[in-house]
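Engineer: What follows is a single structure, and I will ask about it in a moment.
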Amino acid sequence: FGSTVLSLANIKAPKHIQGKAFLGEYVTEKREVAYATSDRFDEFTDRSRTVYFDDFIYIKNDFPEKVWYKDVGYRKQVPMMTEMLSLREAGKLNETQLKWFSDKPKEELYNRKTDPHNLNNLAQDSNHKIQLEKGRSLILEFKKGQLEDKAMQPEAQMVKDMWPDFVQPITKPVTLSTSTTLSTGSDETSQGKTITLSSKTKGASIAYIISNELSQDYDFNSPWQLYSEPIQLKKGDVIYAIAERIGYKVSEITNHKVE
């Protein structure tokens, strides 16, 4: 979805985003298959892998003993959810509605054209053995392919891989590049600067503050603005910049005064 929103805004998605745009200026070739994953539901965990192919959906559930329904605290704040739970306690849900509160099968296979609500599981239907095998094969490709499905990896090992020797990496500081700009007012033409910000840490978010002083004491809790495009500054302006990536320590604050 991120790539598609950017495409609709006529912006090409950066290389580190895996998603492919399906609308807009940068729409890509239509996928033959699409994958979906499920691992965590707020305070609950589960794991399933899904693949959409042809007219079918195949789902592999790693914990079939866990019911579809998760008693998530946030979910129970939704009026529709509290109503459904009340109906279940009163014995007023029908057989189809009650399925959500039952154990999951190890495998699911649905025809998404003839069964859009995914109610008729075809995984045990001998007439759909070819589709079942194809779904299994595609999930194996997903787990062993470029996406590196790491859901089976213990979190301690995951942290070790992300933080070599258990040392938290630090986001690279923001670098600034400038170019001269001219702006014409009603009486005179003034000279300013166009400031471009970047960080060598891939996927880092950059934020900035514009001030007229060089000695202000900013920290992580200061009123930063998210950087999204080059900034126009006038002579005497001071720009402070900081970079952060989730899981990394925040970068040092850099500054630049327009002379």
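Engineer: Given the options ASP62, ASP39, ASP55, ASP46, name the one that is open to solvent by less than 100 Å² (accessible area, probe 1.4 Å), among the acidic types (Asp, Glu) and more than 22 Å from GLU155 (Cα to Cα). It would help to see each step written out before you state the result.
Structural biologist: Values: ASP62 fails: more than 22 Å from GLU155 (Cα to Cα); ASP39 fails: more than 22 Å from GLU155 (Cα to Cα); ASP46 fails: more than 22 Å from GLU155 (Cα to Cα).
After applying the criteria, what remains is ASP55.
Engineer: Something else about it: Go through region 15-26 and give me each residue that's open to solvent by 60 Å² or more (accessible area, probe 1.4 Å), of a type outside the set (D, E, K, R) and modelled with pLDDT of 90 or more.
Structural biologist: PHE22, LEU23, TYR26
Engineer: Moving on. Give the residue that is surrounded by the fewest Cβ atoms within 10 Å (Cβ to Cβ), with candidates limited to residues of region 153-171 that are more than 21 Å from GLN18 (Cα to Cα), under 24 Å from the mean Cα position of the chain (by Cα) and hydrophobic (A, V, I, L, M, F, W, C).
Structural biologist: Applying the filter and picking the extreme gives ALA156.
Engineer: May I pose another question? Of the conditions (1) open to solvent by 90 Å² or more (accessible area, probe 1.4 Å); (2) over 30 Å from TYR248 (Cβ atoms), GLU107 satisfies every one except a single condition; which number is it?
Structural biologist: (1)
Engineer: Additional query: If I filter region 198-209 down to residues being assigned to a strand (DSSP E or B) and hydroxyl-bearing (Ser, Thr, Tyr), which single residue comes out as least open to solvent (accessible area, probe 1.4 Å)?
Structural biologist: Once the filter is applied, the top-ranked residue is TYR208.
Engineer: Moving on to the next point. So which residues in region 210-233 are touching a residue at least 12 places away in the same chain (Cβ under 8 Å) and open to solvent by 100 Å² or more (accessible area, probe 1.4 Å), if there are any at all?
Structural biologist: Of everything in region 210-233, those that are touching a residue at least 12 places away in the same chain (Cβ under 8 Å) and open to solvent by 100 Å² or more (accessible area, probe 1.4 Å) turn out to be ASN212, PHE220, PRO223, LEU226, GLN232.
Engineer: I'd like to check something: does region 82-93 contain any residue that is open to solvent by 80 Å² or more (accessible area, probe 1.4 Å) and closer than 24 Å to ASP125 by Cβ?
Structural biologist: no
Engineer: Give, as residue ranges, the strands (runs of 3 or more DSSP E) completely inside region 43-144 that count at least 2 residues that are at pLDDT below 95 and within 25 Å of the chain's Cα centre (by Cα).
Structural biologist: Result: 44-53.
Engineer: Can you give me the number of residues within region 116-174 that are among the charged types (D, E, K, R) and without any contact (Cβ under 8 Å) to a residue 60 or more places away in the chain?
Structural biologist: 11
Engineer: Can you say whether ASN255 is out of contact with any strand residue (DSSP E or B) (no Cβ under 9 Å at 6 or more places or on another chain) and either in a strand (DSSP E or B) or free of Cβ contacts under 8 Å to residues at least 12 places away in the same chain (or both), as far as the supplied structure shows?
Structural biologist: Here the answer is no, as ASN255 does not meet what is asked.
The values are calculated or read from the model by the stated rules, or taken from the named source; none is laboratory data. Owing to the predicted nature of the structure, the values given are computational and were not obtained by experimental measurement. Quick reminder, even Gly has a Cβ in these numbers, built from the backbone with ideal geometry, and neighbours come from all protein chains shown. We work out accessible area using only protein heavy atoms, side chains counted, and drop any ligands, DNA or RNA first. Shrake-Rupley method; radii C 1.70, N 1.55, O 1.52, S 1.80 Å.
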